Each structure stands twice: as structure tokens, then as C-alpha cells.
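The values are calculated or read from the model by the stated rules, or taken from the named source; none is laboratory data. All values reported here derive from a predicted model rather than from experimental measurement. Heads up, the Cβs are rebuilt from the backbone with ideal geometry, glycines too, and the neighbour counts pull from every protein chain shown.
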Amino acid sequence: MLLAEQALNGLQYGMMLFLMAAGLTLVFGVMGLINLAHGSLYMTGAFACAAVAAATGSFWLGLVASLAAAAAAGALVEVAVIRRLYARDHLDQVLATFALILIFSEGARWLFGSFPLYLKLPPSLSGAVVLPGGLHYPLFRLVIIGFGAAVAVGLWWLITRTRLGIRIRAGEADREMIGALGVDIARLYTIVFALGAALAGFAGALVGSIQSVQVGMGEPVLILAFVVVVIGGIGSIKGAFVGALLVGMTDTLGKALLPGLLSQVVEASSAKTVGASLASVLIYVLMAVVLIMRPQGLFGARG
Amino acid sequence: MGELLNRDAIINLVIFALLVAVALGAHLAGDGFTVTLATKAAIFGLAGVGLNLALGYGGLISFGHAAFFGIGGYVTGILASHASSGMPVVTLPFTIMGSNEMLGIWPVAMLAGGVAALAIGALSLRTSGVYFIMVTLAFAQMLYYFAISWSRYGGEDGLSFYVRNTFPGLNTFAPIQYFAICAVLLALALVFTAVVTQSRFGLALQAARQNSQRAVAVGIRPYAIRLTAFVLSGMIVGLAGSLYADLNRFVSPAMLSWHMSGEIMVFVILGGVGRLCGPVAGAAIYILLEHVLGGISDYWQALLGLLLLGIVLFAPGGLIGIVTRRGRHA
Amino acid sequence: MPEPKLNEPILEIRGLRKAFGALVATDDVSLDLRPGEIHALIGPNGAGKSTLIKQIVGEIRPNSGSIRFEGQVIDGLDAAARARLGLARSFQVSSVIPDFTVLQNVMLAVAGASGAVFRFHRPALSDRKLTEPALFHIEQAGLADRHLVQAAKLSHGERRKLEIAMALALRPRAFLLDEPMAGMGLEGGRQLTSILSELRNEAPILLVEHDMDAVFALADRISVLVYGRIIATGSVAEIRANPEVRRSYLGEDA
């Protein structure tokens, strides 16, 4: 029973990471850009949701606002800063987007203060449901899993079945070629960036609803999303999906089970502390193993 | 090239002399606070000098150098706390006692930083480009979470030790004397960097950065060269972490955080990548900005962000680059 | 290192095969490079010349086949180790260290060849074990007065010569020159032709080249690579007369 609940938690966590990692990996793949400020867009979505939900009383409007605000912030940042960085080396990209984090974080602190905000779920989304087998599980976490799956399917459809998707894939394969095909690259890049931003903002709003909304919430998730991308392989949406679920499951199950497993070997109190320490580094061990076996990631084409 | 090298040498001397002059002047004026600020600049400069070896000369964009900074700090904190409690750090396989002697602590901090850099570098250098950035960032984050969950040494709250460690013949509590220690170590690191980058190894390292295929074609293995530079870099940053811990008499997971990695990188960039004294200038400017902008606004980091953005977009040579009117250094 | 007997090949390639998925880029290629000779490798674009070179230098691994260098099987050695054995390579597109001076570039090659790059204290520029051989090879390659110029500021032809100097610094036992004439003017090409004909006194040359005048003027033997296969190997006259070669490759000229 505990195991099933933790597996669902891991699945939900993985879905969140996927929403973050999908945007990152798209931007890497299409534009060759490393964007540290992706976590800031996540935070932007969370604050937009919290502010709009508080002002209108509607959580659903808040969710819409999270998508809109993050997409708008993404497009704005792309036009103002990011597009000057495509031709630059990775160091410049890292520094400029690090600078963006500082600006976003301080801006959010100035607007909303340093104290965490809490979102109230509407009654239709709160409470628990009874799953087959008698497990009581929070409805909203199931909803998050559903959203994540829907986004995964939607992205798959977008990339494989639509004109925009064809252009995105062409852009990954050969940047000059899509220019030659008469595609407006500047616009395509802005759209891809805004799309990734919207997904990150959406993830921020959802996670903000179960935890809290505060300055600096984006970066720990960003780094986990990096781990996901490294495991999955740059530019691969499928890799991001598999990597995200792997990381989500490993982290959640590790934290739930390791202390218990260790207590069979060593005495209980030290098992608890050692187990917690080990569990906190487990996903990085996973990443290290992938790096040793397959440095280009599970689904990465390029080295 | 000779003439330019001389101009660089003069700039380097001026930067270092300015730092020392500020500290001495403040000391004579009885302004201990400014001496401490200068000490902080020297320590951050030392961390930047360490990162510069990997980043500037080796082209290794590590966003995880906080790992080595924090490890140096934790080694110092742990040894000092055991020295005051009298309990050994470990008893198996042999007994290691705590220490409050800087001369004993520094080598351990550097060794620990170097070993961590060897492990992280050996894995990270299997990748390149954006992967390398993400992987170094992730491994540093791993240590950050490990420190948070390591309740024995304070966990999230960090670890305080109430007495600054000692150095024979000096009173480390006198701000100017501690500054002198840090400044001398900084000078040694600068000389070390200057010598190493001019050596055969430095030639190979810079060649591997600019054209790794060419380096291979003349019989050089870039991986081994880069890993060596990464380890040396980690050792210097570990030493800086040790000094920083002693400055504050406190270590916490914040020393290991991604934000710290970003800051060390900013020291290098503000001054100018691949310039010997660039990180020192960068660290001094950073501290100055923190102090001046921080006095104007609580949100000074946003202003720092704007400044950094401006430098990246419009002045890629850093602030020294503006002075010397040259692009990014060789 | 075993000294090869006279006229035994320096470089012996046997049955090399490399496939990328369904595309067979190198199909059972065997090739010899004998002491003192210039052996030209020609073939249309996409014939697999670059892939073959990359396997010889150790940049990519073949699926099967074997390479011997001076009698020693080098299949297990990486590119750096092969370079240190004296397998000196120049690149299709000039490849030097742009921020280094000519002297530093060649010193790098001397240091790399010596295998002793892990020296940390002595300034390389005052290390006469590096500077003296470097200056000698710079002069050999015809760049004597340019040794303090930054490589990025060299003309195209000078950069080619710098590559030759770096190859010489490896104390080569064999040269692999990938289109050294590419992009050279008429005068530069003539100069390079005379340098190449002197290089053969240092070590034999496997020459990949598109400039047929240069190939016919310099080469002792020619191998023709088409679709990953060697369709003919022989003297200049034999290759000129070979009907299959005329049909499949020289066709447009003949």
C-alpha cells in the first residue's frame, strides 16, 4: 500500500519534471541554447497563478494565467535577450541567463515579498479519492499526473503531426536548411521558447498549489530538470519523458524506502540518517551511471 | 606579444597592489570592517583564480565549483569543531583528530577539493558543451543536498566554530593579519597560475581549449590535460573555501549552492576570462557592488544582474577588457 | 620500436571496413605506404577518403580490418598515441591553434611528440628542448621570419606551411596529408609542391588530393577510391591508362 502510494508520488513528481525538462530540451535541441532562467519562468507561472487566483477567486483562471504569463515572459525575454545569445558560446549563455535569474528573483521579491504564498485548491480538486485496492490518494496529485500525460501526448502530436513540429525537427537537424526553406527562424525560435516557458510556468503553478509559491522555487527544479535532460539525452522529448519518470521514481522511492532497507543491515537511528543522506544523492548516482554507460544520454543522438 | 604581456603584467600588479593598499589604508584608519571586506575580496579572488584555470585557460565551463569551495569550508569547519570538542573525526581505519592549525587544515582542504574534483571531473569530462555545464551543476547540487541531510554537522543550519583557527606567530583574529594570510595565499596562487599557464602543460591546456582535434593530432590527450587542470582548479578553490570558513567561523550548505557557483563564475567574468588577475578585480568589484548597491537598494542583485547582462552582451572582455580595449584574452 | 626492413611498408592497411548503418563508407580497403614514396589517394567526393583517413589516425574505429604501422599493430591505440608514434596528419581545413604564435604552435607539436606535456613549472618559451626543434621545423617549412606571428593572422598558404611544420615536429615516420593544396593560389601551390617533394625525404606521404596536376607531378603510386572501394592501385602511367578508372573517375577529364 505504501509502495503504491509512493509510486504514484514518484509518477506525479516525474510528470512535473517532464514539464520542466521538455521546454529545456526543446530549446537545447532547436536553438542550441542553455537556459538557466528556465526556473525563473517556472516561478513566474507560480506567482501568476497565485496572484490571479487570489484576485479572482478562481483557481482555473490562475492556471490559465500561469500559462499566459510564463509564455509572455518567455517571449519577451527571448526577443530582448536570448536571441542575441544563439550565436554566442555557452559561457555567455550561462552568464546572461544567470543574470536573468537574478533579475527575475529580485523582481519577484520586490513584487510579492519574501514570504511564501499558498494556493487554495477549489473543492472540485481537493480531497482524496479511493483507488482500486482501497488506497486513499489526493485527487489533485492524480490531476497533475493527468496533466503531465496530456502534455506528453500533446507534445508528441505537435512534434510529429503538425507543420510547426516539422519545422522544429528541421531546425534541430539543420539550422541553415530551415532558413533556406523560407521559414521565419526568428519567429519559430520565439514560439519554441515561449512554448517551453509556458510548460515551465504551468508546472510551477501546479507544484505551487501543492507546496508553496516563493522566490527561488525554480532553481532546485531546474537543476533536477538538467539531470533529466542529461539522462534522457539533449533534444529528445522522449528522453525527457523517460528521464523525468526515472528521476521522479528514483528520488521518491529512494527517500521512502532506503532508510527502511538500511535498517535491516544497521541499527535504526543511523539507518535513518545515513538512508536520508543516501537517498538525497541517489538521482545523481543514477546520472553518473548513465554518464559512464552512455555519455550522450539514453535517447541522445549527439555526443 | 611581448609588449602586451608587459601591459598585462602591469595591470596585474596594479590590481593586486590596490587590494593591499585598500586593506592597509583601512587598517591605518582603524576601519576593521573594510579590512574584512578586502579579505573577503582576496578569498573570493582566490576562488576565482582557481576557477579561471579551468574556465579561462581550459575552456571548461564548470557551474559546479561551489562543490570544492564548500568542501574546503566543511573540512575546515569539521576539523575545527573536533579540535574544540576533542573527539576524533574518525577512528577507523586510523584515528584522525581535529585540528585548529591552519597549516594543518589547508592541505587537507586542498586534498579534499582535489579528490572531489578528480571524481566529478572524471565523470563530467566524458561530456562536453552544455552537458558539461549541467553535469557539473548537478554534482555540486548533490553535495549541497548531502550537506543539508548530514545532520551530524549541522545539516541545513550549518556548522559554527567559535574560534578562528591559528597560524604560528600571527594573531589570526586581528583583521589585518588575517588579510595578510589571505593576500599571501592569493599571491602564491597567482604566481602558480602564471607559471603553470606558461609551462608545457599550460600550452597543451590552452591548445586543447582552442582546437582539441589539433591537440590530439600532435599526440596530446585532452582528457588527461583537462582533468589535471580541473583537479588543480578544485584544489585552489578548496583552499579558498577553507579561508572563507575561517573568515566567518561558520560553514553552511550555502557554500555549496548553485548560487555560489554562479558567483565564483561572475568573479571571473566581471574581471575578464583567462586574465591572470581578472578574477581578483572581479571579486573586488563584486564586493564593492554588493556594498554600494546593497546600500542603495535591498534588491541590489537585480542591479548586478543588469550589469552582468550588459557585460555579457556588450563587453565580452570583462571590465579589464574595457580598460585594455581588447577582446577576450588568449 | 622495431626498425622495419628496407622496402617493407611503413603503413599497412588490411581489409578495413566501416559502415554507418546501411552505408558502407569503407569497403574492404587494403593499402600500403612504402618507405620514401608519395602514395596519392584520389577519388570523387563522397568516395570515403575522409572516413578512411579518420580510421588510420584513430579518430574512428573500423568495424573490421587491421592497421600496422612500422610492423606494429596499432588497432588498439588512440589518436594521440598514434601521433606520438610518428603518424603525422594535416587537416582538410587548416587546423592550427589560432591564438598561439607560429612558434607556440610548433612547440606544442614538439611537446606532444615528446610525450612529456605534464611539466608545470618551466616556462615553455624558455625551454630550449622545445624552441630549438620548433624553430628548425619552422625554417624547414619555409616560415622562418614569421615565427612570432599569431597563427590567426597568417595567410592561408602560411597556415598550410605551419601545419607542415607541426607535422615535421612529430618526427614523423609517415605523413597523412589531407588535401594540402586546397585553397592555395597558383604560386602557393607551386611552393607547396616543392616542399612536399622534399618532405618525402623525411618520411613517406599518403596524400589525399583533388589537384590532379599536383598528384601526377608528385605521386609515385596512386590508389583510386570509389564508393568506399579501392578500384585500382598503380603508377601514374598505369592509373592514367586504367579503363575502369577512366570510366568511373577520370571520365570527365579523359
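Would you mind finding the one in A:Tyr118, A:Tyr86 that is within 29 Å of A:Ala4 (Cα to Cα) and in contact (Cβ under 8 Å) with a residue 40 or more places away in the chain?
Numbers: A:Tyr86 fails: within 29 Å of A:Ala4 (Cα to Cα).
Exactly one residue qualifies, and that residue is A:Tyr118.
Can you confirm whether region B:200-213 contains a residue that is touching a residue at least 24 places away in the same chain (Cβ under 8 Å), among the polar types (S, T, N, Q), more than 12 Å from chain C (Cβ to nearest Cβ) and under 25 Å from A:Val94 (Cβ atoms)? Working first, answer last.
Taking region B:200-213 and keeping what is touching a residue at least 24 places away in the same chain (Cβ under 8 Å), we get B:201-202, B:205-206, B:208-210.
Right, trim to among the polar types (S, T, N, Q) and you get B:206, B:210.
Then keep just the ones that are more than 12 Å from chain C (Cβ to nearest Cβ); that gives none.
No, every residue in region B:200-213 fails to be touching a residue at least 24 places away in the same chain (Cβ under 8 Å), among the polar types (S, T, N, Q), more than 12 Å from chain C (Cβ to nearest Cβ) and under 25 Å from A:Val94 (Cβ atoms).
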Review point. Taking the condition within 9 Å of chain A (Cβ to nearest Cβ), of a type in the set (A, V, I, L, M, F, W, C), buried (at least 19 other Cβ atoms within 10 Å of the Cβ) and assigned to a helix (DSSP H, G or I), does B:Val75 pass?
Key: no
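Answer with yes or no whether B:Phe192 is away from every other protein chain (no Cβ under 14 Å) and modelled with pLDDT of 90 or more.
Working: away from every other protein chain (no Cβ under 14 Å): no; modelled with pLDDT of 90 or more: yes.
So B:Phe192 does not fit the description; no.
Quick grid of which residues meet (1) outside any helix (DSSP H, G or I); (2) surrounded by fewer than 23 Cβ atoms within 10 Å (Cβ to Cβ); (3) within 13 Å of chain B (Cβ to nearest Cβ); (4) not aliphatic (A, V, I, L, M):
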| residue | (1), (2), (3), (4) |
| --- | --- |
| A:Val228 | no, no, yes, no |
| A:Gly248 | no, no, no, yes |
| A:Ala271 | no, yes, no, no |
| A:Val274 | no, yes, yes, no |
| A:Leu278 | no, yes, yes, no |
| A:Leu286 | no, yes, yes, no |
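Among the candidates A:Leu11, A:Leu24, A:Leu36, A:Leu3, single out the residue that is assigned to a helix (DSSP H, G or I) and closer than 24 Å to B:Phe63 by Cα. I'd like the intermediate steps shown before the answer.
Details: A:Leu11 fails: closer than 24 Å to B:Phe63 by Cα; A:Leu36 fails: assigned to a helix (DSSP H, G or I); A:Leu3 fails: closer than 24 Å to B:Phe63 by Cα.
Of A:Leu11, A:Leu24, A:Leu36, A:Leu3, the one residue that is assigned to a helix (DSSP H, G or I) and closer than 24 Å to B:Phe63 by Cα is A:Leu24.
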Review point. Is there a residue being more than 14 Å from chain B (Cβ to nearest Cβ), without any contact (Cβ under 8 Å) to a residue 60 or more places away in the chain and among the hydroxyl-bearing types (Ser, Thr, Tyr) anywhere in region A:9-19?
Key: no
Revision key, fill the gap. Of (1) closer than 20 Å to C:Arg89 by Cα; (2) touching a residue at least 60 places away in the same chain (Cβ under 8 Å), C:Asp28 fails just (1)
Check your understanding: Restricting attention to region C:157-165, does a residue exist that is more than 16 Å from the chain's Cα centre (by Cα) and at pLDDT below 85?
Key -> yes
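This table checks each residue for (1) under 23 Å from C:Asp27 (Cα atoms); (2) crowded, with 21+ Cβ neighbours inside 10 Å.
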{"position": "C:Pro180", "(1), (2)": "no, yes"}
{"position": "C:Gly189", "(1), (2)": "no, no"}
{"position": "C:Leu196", "(1), (2)": "no, yes"}
{"position": "C:Ile205", "(1), (2)": "yes, yes"}
{"position": "C:Met212", "(1), (2)": "no, no"}
{"position": "C:Ala219", "(1), (2)": "no, yes"}
{"position": "C:Ser223", "(1), (2)": "yes, yes"}
{"position": "C:Gly234", "(1), (2)": "yes, no"}
{"position": "C:Asn242", "(1), (2)": "yes, no"}
Practice item. Output the number of residues of region C:130-144 satisfying the condition of being modelled with pLDDT of 90 or more and more than 14 Å from chain B (Cβ to nearest Cβ). Key: 5
Check your understanding: Being within 24 Å of B:Trp258 (Cα to Cα) and within 14 Å of the chain's Cα centre (by Cα), is that true of even one residue in region A:274-281?
Key -> no
**Study point:** Breaking point among (1) basic (Lys, Arg); (2) within 14 Å of chain B (Cβ to nearest Cβ); (3) surrounded by fewer than 21 Cβ atoms within 10 Å (Cβ to Cβ), for C:Arg68
**Key:** (2)
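This table checks each residue for (1) more than 7 Å from chain B (Cβ to nearest Cβ); (2) modelled with pLDDT under 90; (3) closer than 20 Å to C:Leu196 by Cβ.
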{"residue": "C:Asp75", "(1), (2), (3)": "yes, no, no"}
{"residue": "C:Gly86", "(1), (2), (3)": "yes, no, yes"}
{"residue": "C:Gln92", "(1), (2), (3)": "yes, yes, yes"}
{"residue": "C:Ser95", "(1), (2), (3)": "no, yes, yes"}
{"residue": "C:Pro98", "(1), (2), (3)": "no, no, no"}
{"residue": "C:Arg122", "(1), (2), (3)": "no, yes, no"}
Practice item. Please find, among B:Val20, B:Val14, B:Val49, the residue that is surrounded by 20 or more Cβ atoms within 10 Å (Cβ to Cβ) and either in contact (Cβ under 8 Å) with a residue 40 or more places away in the chain or hydrophobic (A, V, I, L, M, F, W, C) (or both). Key: B:Val49
Exercise for review: Considering each residue of region B:161-185, count those that are more than 20 Å from the chain's Cα centre (by Cα), part of a helix (DSSP H, G or I) and touching a residue at least 24 places away in the same chain (Cβ under 8 Å), and give that number.
Suggested key: 2
Exercise for review: Can you tell me which residue within region A:71-83, out of those that are small (Gly, Ala, Ser) and surrounded by fewer than 23 Cβ atoms within 10 Å (Cβ to Cβ), is farthest from the other protein chains (Cβ to nearest Cβ)?
Suggested key: A:Ala72
Revision key, fill the gap. Counting only residues in region A:84-123 that are of a type in the set (Lys, Arg) and not in a helix (DSSP H, G or I), the one surrounded by the fewest Cβ atoms within 10 Å (Cβ to Cβ) is identified as A:Lys120
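For region A:32-52, does any single residue satisfy the condition of being among the hydroxyl-bearing types (Ser, Thr, Tyr), farther than 26 Å from B:Glu263 by Cα and either touching a residue at least 40 places away in the same chain (Cβ under 8 Å) or within 14 Å of chain B (Cβ to nearest Cβ) (or both)?
Restricting attention to region A:32-52, the residues satisfying the condition of being among the hydroxyl-bearing types (Ser, Thr, Tyr) are A:40, A:42, A:44.
Narrowing further to those that are farther than 26 Å from B:Glu263 by Cα: none.
The answer is no, given that none of the residues of region A:32-52 is among the hydroxyl-bearing types (Ser, Thr, Tyr), farther than 26 Å from B:Glu263 by Cα and either touching a residue at least 40 places away in the same chain (Cβ under 8 Å) or within 14 Å of chain B (Cβ to nearest Cβ) (or both).
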Practice item. Answer yes or no: is there a residue in region C:38-58 that is facing chain B (nearest Cβ under 9 Å) and at pLDDT 90 or above. Key: yes
Point to revise | Count of residues meeting criterion [part of a helix (DSSP H, G or I), within 9 Å of chain A (Cβ to nearest Cβ) and farther than 14 Å from B:Phe63 by Cβ] in region B:120-160 | key: 7
Review point. Does A:Gly171 satisfy being assigned to a helix (DSSP H, G or I), within 18 Å of A:Val27 (Cα to Cα), away from chain B (no Cβ under 14 Å) and free of Cβ contacts under 8 Å to residues at least 40 places away in the same chain?
Key: no
Check your understanding: What do you reckon, is C:Pro133 surrounded by fewer than 24 Cβ atoms within 10 Å (Cβ to Cβ), farther than 20 Å from B:Ala229 by Cβ and in contact with a helix residue (DSSP H, G or I) (Cβ under 6 Å, 6 or more places away or on another chain)?
Key -> yes
Practice item. List every residue pair whose Cβ atoms sit under 6 Å apart, with the two residues 6 or more apart in sequence or on different chains, where the first one lies in region C:68-92 and is among the aromatic types (Phe, Trp, Tyr) and the second, anywhere, is outside any loop (DSSP other than H, G, I, E, B) and modelled with pLDDT of 90 or more. Key: C:Phe69/C:Leu11
Check your understanding: B:Ser62 fails exactly one of the following numbered conditions: (1) buried (at least 19 other Cβ atoms within 10 Å of the Cβ); (2) closer than 19 Å to B:Thr166 by Cβ. What is the number of that condition?
Key -> (2)
